[in-house]
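The values are calculated or read from the model by the stated rules, or taken from the named source; none is laboratory data. Only a predicted model underlies this, so the values are computations on that prediction, with no experimental measurement involved. Reconstructed Cβ throughout: ideal geometry from the backbone, glycine too, with neighbour counts over all protein chains shown. Note: accessible area is taken over every heavy atom of the protein model, side chains too, but ligands, DNA and RNA are not part of it. Shrake-Rupley method; radii C 1.70, N 1.55, O 1.52, S 1.80 Å.
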Amino acid sequence: MAGHSKWANIQHRKGAQDKKRAALFARLSKEITIASKLGGPDPDANPRLRLAINNARGQSMPKDNIKRAVDKGQGGAGEEYFDIRYEGFGPGGVGIIVEASTDNKNRAASEIRSAFSKNGGNLGETGSVSFGFEQVGEIQYPVEAGDEMEVMEAAIEAGATDVETDEENHWIYTEREDLTDVASTLEGKFGEVEAKSTQLIWKPQNNVPVEGDHADTLMKLLDVLDELDDVQNVYDNSELSDAEIERLSS
């Protein structure tokens, strides 16, 4: 699975998820608002909004929060948001892609550059990192959806290209253009268990092993990036051993 997913698992083991829940809801609300503003309030006619709402439901966001976010996108002129991708390198030469949605390009660039420079990394040119990643669809289901073989068979039959499973989740991958179709086909396939997220991601083609001080600093960098208001998603190509994950989780 993508390096940032391992970072999320480490945060979960450390009990850090509770303090990040409010930030997660804010990020999900922001994406719903932007999608509503750009494509209209009807999720059936607005694929980006449909995905955003599904992801919010997958994270148990209250219906009232979702409705307020949709309505906010229809509430007049409001802010103009820009989707921007930043690419850079972290400790140990790890490649990192940061996706931001911002109403202030200068602020976003300054904060993201600062996060890199203060935590052992540096920003690069567009394309300096993404050439080593592939943009694919990712559908995340909790392990309660079924055992690994059941989920894999259902996913492949639905048109997925690969499935990975860890102790907490199934990660289903699709071609970029097939994400919506595969996600729709899988709805209801696992009883009442719903997908936790459905999104396009940057999946690394090769991973970079990191350990020790480099791993510590990388986790700090990812944590700082994740807390920035303008940042929506972070991807990296780090490879952490099981022993290193246990050490970082302690």
Worksheet item: Do the conditions hold for S197, that is, is it without any contact (Cβ under 8 Å) to a residue 24 or more places away in the chain, closer than 25 Å to L24 by Cα and of a type in the set (S, T, N, Q)?
Response: no
Practice prompt. Filter region 184-214 for residues that are β-branched (V, I, T) and either under 22 Å from N119 (Cβ atoms) or open to solvent by less than 30 Å² (accessible area, probe 1.4 Å) (or both) and give the result.
Written response: T198, I201, V208, V210
Worksheet item: For D226, which of the numbered conditions (1) acidic (D, E); (2) crowded, with 17+ Cβ neighbours inside 10 Å; (3) in contact with a Gly (Cβ under 8 Å, 6 or more places away or on another chain) fails to hold?
Response: (3)
Fill in: Subset of region 168-182 (residues that are surrounded by fewer than 16 Cβ atoms within 10 Å (Cβ to Cβ), outside any loop (DSSP other than H, G, I, E, B) and touching a residue at least 60 places away in the same chain (Cβ under 8 Å))
T180
Discussion item. Filter region 6-19 down to the residues that are open to solvent by less than 20 Å² (accessible area, probe 1.4 Å) and either modelled with pLDDT of 90 or more or in a helix (DSSP H, G or I) (or both) and list them by number.
Written reply: W7, I10, Q11
Worksheet entry | Flag if T185 is in contact with a helix residue (DSSP H, G or I) (Cβ under 6 Å, 6 or more places away or on another chain), among the β-branched types (V, I, T) and part of a helix (DSSP H, G or I) | yes
Fill in: Residue list for region 183-233, restricted to those being under 18 Å from N122 (Cα atoms) and either small (G, A, S) or touching a Cys at 6+ places or on another chain (Cβ under 7 Å) (or both)
A215
Response to the item:
Subset of region 28-66, residues surrounded by fewer than 15 Cβ atoms within 10 Å (Cβ to Cβ) and under 15 Å from K196 (Cβ atoms), comes to Q59, S60
